[in-house]
Every structure is written in structure tokens, then in C-alpha cells.
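The values are calculated or read from the model by the stated rules, or taken from the named source; none is laboratory data. Remember, predicted model here, so these are calculated numbers, not experimental data. When we count neighbours, we look across all protein chains shown, and the Cβ atoms used for this are built from the backbone with ideal geometry, even at glycine. Keep in mind that these areas ignore ligands, DNA and RNA; they rest on the heavy atoms of the full protein, side chains included. Shrake-Rupley method; radii C 1.70, N 1.55, O 1.52, S 1.80 Å.
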Amino acid sequence: MGTKKTHWTNFNEICLAMARQPDHVFQFFMAELGTEGSIDGNKQLIIRGKFAAKVSRLDLGPALPAVPG
């Protein structure tokens, strides 16, 4: 029986766009998804486990910077 893996290839670019440290965003997602993961040598987020239903309810509002306006 294998482990389900999801590769988030533009993880580092998203962190830069949100002006957040990748380690901080990583910890946020692992806590919200209730699963395990890692950041590989290419700065991609590797998520292990099933989480599809949880992602649809994930609120990124607290993780995003305020938009001047």
C-alpha cells in the first residue's frame, strides 16, 4: 500500500508573493491539513496523505498580507 503524495511545485513563488517565509507557510499548511510533509531541494512542498476535503475549506486570509488601498 503506497502513500499519497502531492507536489506543490510553485510553493516558493507563492510564499514570495505573500511576503511570508516558506517555513512559516509550511507549518501553517501542515497544521491546517493535519498531515505530514516536507520542502524538497527544489523548494517544492511535498504533502503526504489525503486532505482534499480540508483544502476546500481552508481560509488563507490570516496568512495573506494586508492590501493597501
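The single condition among (1) assigned to a helix (DSSP H, G or I); (2) modelled with pLDDT of 80 or more that T6 does not satisfy is (1).
Here is the figure for the range 35-69: residues that are at pLDDT below 90, open to solvent by less than 60 Å² (accessible area, probe 1.4 Å) and either in contact with a strand residue (DSSP E or B) (Cβ under 7 Å, 6 or more places away or on another chain) or not in a helix (DSSP H, G or I) (or both) total 5.
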